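For reference, the structure is listed below as structure tokens.
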Amino acid sequence: MKIALVQVASPDSETREERIDRVEATLRDIKGAELIVLPELWSAGYFHFDEYQALAETLTGPTVSMCARVAADLGVHLHLGSIIEAHEDGRLSNTSILLGPDGSVVHTYRKVHVFGYKSKEASLLTAGSSLPVVQLPFGAVAGITCYDLRFPGLWMELSTRGAEIVIVPAAWPAARREHWRLLTTARAVEHQIFVIACNAAGSQEGAELGGHSRVVDPAGKVIAEADSGEAVLMVDIDPQQVNAVRTEFPVIGDRLAAYDTLTV
Ligand SMILES: NC(=O)CCC(=O)C(=O)O
């Protein structure tokens with residue numbers, strides 16, 4: 001199964017509309033992928049906090065509409081990264097969306113751990129409260145977002161819910177790139193899953209994004225990793241590998257149902 005990770009920069013000088021047009025051209029040039037993945041908040045730009053309100057959109061807004069058209073035209077699954085979603089009651093959320101090959105929404109995830117360190121995300125956005133896993137032709141898929149990488153309890157729950165492929169759109173700064181590498185690999189090893197992690201590139205409001213989008217297989221092998229600039233990273237995975245690795249080295253079956261029952 002061929003996957004394309006599209007590592008996008010969101011420079012301050014470019015408008016959202018210009019960026020949507022530019023990314024659409026990149027997406028339409030991708031040949032042979034069954035799944036395309038974009039980074040967190042690439043159209044708005046994660047660090048453009050002062051514009052969050054103005055750039056918020058609904059699930060029929062400009063980012064989702066363009067991506068839905070492309071998904072349908074190319075006949076691919078397209079994880080569009082995330083948007084600042086505007087809700088009817090005025091709340092905003094960081095919403096990740098996976099589109100099917102007919103352009104319809106097949107998975108939606110609202111970021112549960114909103115980020116507050118040198119970031120206004122936590123004060124501007126409302127955290128989500130659901131964790132769906134969807135069965136697709138290539139396996140049980142979930143999407144979580146960037147900072148969520150740091151929280152093992154969330155991953156344990158994804159694993160318990162049967163996730164085999166976890167898509168992680170991100171806007172992870174270069175300053176903590178080694179954490180990005182370590183955590184994406186660790187989550188794959190812990191849960192014997194594919195981690196498909198698509199980061200943003202370039203700089204925004206003086207913050208340098210880390211790039212290095214990567215795919216880690218269920219045995220913990222990094223099967224592809226981009227450099228730091230804009231890129232389309234193509235990778236071929238075999239979704240059956242999840243079963244094969246779990247059968248050969250059955251760690252997950254050895255997990256206790258609960259650890260808080262252990263005596264001190
Ligand atoms: N966009 C984010 O969630 C950033 C997370 C981050 O920088 C970190 O966890 O470190």
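A few remarks follow.
- Residue in the stretch 109-122 that is within 14 Å of the ligand (Cβ to nearest atom), at pLDDT 95 or above, surrounded by fewer than 17 Cβ atoms within 10 Å (Cβ to Cβ) and not in a loop (DSSP other than H, G, I, E, B) present: yes
- Where a residue in the stretch 180-201 is touching a residue at least 12 places away in the same chain (Cβ under 8 Å) and its partner, wherever it lies, is assigned to a helix (DSSP H, G or I) and among the charged types (D, E, K, R), with Cβ under 8 Å and at least six apart: 183/150; 192/246; 193/187; 195/187
- In the set 3, 20, only one residue is under 17 Å from the mean Cα position of the chain (by Cα) and under 18 Å from residue 198 (Cα atoms); that residue is 3.
- Residue match in the stretch 168-181 (condition: closer than 24 Å to residue 36 by Cβ, away from the ligand (no atom under 13 Å from the Cβ), at pLDDT 95 or above and touching a His at 6+ places or on another chain (Cβ under 8 Å)): no
- Checking each residue in the stretch 123-152 for being within 10 Å of the ligand (Cβ to nearest atom) and not in a loop (DSSP other than H, G, I, E, B) picks out 146, 147, 148, 149, 150.
- Scan of the stretch 150-169 for residues that are surrounded by 14 or more Cβ atoms within 10 Å (Cβ to Cβ) and in contact with a strand residue (DSSP E or B) (Cβ under 6 Å, 6 or more places away or on another chain), ordered by number: 158, 163, 164, 165, 166, 167, 168, 169
- Leading residue by the ranking (farthest from residue 252 (Cα to Cα)) among those in the stretch 188-211 that are within 13 Å of the ligand (Cβ to nearest atom) and buried (at least 24 other Cβ atoms within 10 Å of the Cβ): 209
- When the helices (runs of 4 or more DSSP H) confined to the stretch 11-90 are screened for residues that are surrounded by 13 or more Cβ atoms within 10 Å (Cβ to Cβ), those reaching at least 3 such residues are found at 16-28, 62-74.
- Those residues of the stretch 171-222 which are in contact with a Lys or Arg (Cβ under 7 Å, 6 or more places away or on another chain) and under 21 Å from residue 97 (Cα atoms), in sequence order: 184, 195, 197
- Flag for residue 140 being among the aliphatic types (A, V, I, L, M) and under 24 Å from residue 24 (Cα atoms): no
- Qualifying residue in the stretch 153-160 (condition: more than 15 Å from the ligand (Cβ to nearest atom), hydroxyl-bearing (Ser, Thr, Tyr) and in contact with a helix residue (DSSP H, G or I) (Cβ under 6 Å, 6 or more places away or on another chain)): yes
The values are calculated or read from the model by the stated rules, or taken from the named source; none is laboratory data. Quick caveat, the model's predicted, so the values are computed rather than measured. Virtual Cβ from ideal backbone geometry, glycine too; neighbours counted across all protein chains shown.
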